[in-house]
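Since the structure comes first, as structure tokens, the remarks are kept for the end.
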Amino acid sequence: MNIETIKNLLNAEILCGEEHLDTTVHSACGSDMMSDVLAFVKDQAVLLTGLVNSQVIRTAVMMDMRCVVFVRSKRPTLEMIEFAEENGIVLLSSDMRMYEACGTLYTNGLGVEQKA
């Protein structure tokens, strides 16, 4: 599935990284606990979270993720957006709750691991 499809399925707004929407991803995880993402997530290209702080982007960079989706209409700071842009990470914001967003992606064929 490409990131543009994720954007459309989640009715998400692009916050940065529009040039990377054609990137193909095969899996995702949903968590508000970055320690769980660091400890348990392997080969996940998309992170769904309601947590909005710089650790989210730092975790995505460390885990080589391609996209972060902020659920529940959360919006990152300008500093977070700039850091994501520098690292080639697409940022999206969706009105959906995490449970709904993960379920939508899973039922449409993206491997999703729900953590917290």
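Quick notes
- Looking at Leu38, Leu21, Leu9, just one residue is aliphatic (A, V, I, L, M), in contact (Cβ under 8 Å) with a residue 40 or more places away in the chain and farther than 20 Å from Gly103 by Cα, and that residue is Leu21.
- Within segment 94-116, the residues that satisfy the criterion of being open to solvent by 10 Å² or more (accessible area, probe 1.4 Å) and among the hydroxyl-bearing types (Ser, Thr, Tyr) are Tyr99, Thr104, Tyr106, Thr107.
- Residue satisfying all of: in segment 10-26; touching a Leu at 6+ places or on another chain (Cβ under 9 Å) and open to solvent by 50 Å² or more (accessible area, probe 1.4 Å); modelled with the highest pLDDT among these: Glu13
- Among residues that are basic (Lys, Arg) and either at negative phi or touching a Cys at 6+ places or on another chain (Cβ under 8 Å) (or both), Arg72 is not included.
- In segment 27-81, residue modelled with the lowest pLDDT [restricted to those that are open to solvent by 10 Å² or more (accessible area, probe 1.4 Å) and of a type in the set (Gly, Ala, Ser)]: Ala39
- Screening the candidates Ser54, Ser31, Ser73, Ser94 for the property of being touching a residue at least 12 places away in the same chain (Cβ under 8 Å), of a type in the set (Ser, Thr, Tyr) and closer than 16 Å to Gly17 by Cα yields one hit, Ser94.
The values are calculated or read from the model by the stated rules, or taken from the named source; none is laboratory data. These numbers were taken from a predicted model, which means no experiment stands behind them. Backbone-built Cβ (ideal geometry, glycine too); neighbour counts: all protein chains shown. In case anyone asks, the SASA skips ligands and DNA or RNA and just uses the protein heavy atoms, side chains included. Shrake-Rupley method; radii C 1.70, N 1.55, O 1.52, S 1.80 Å.
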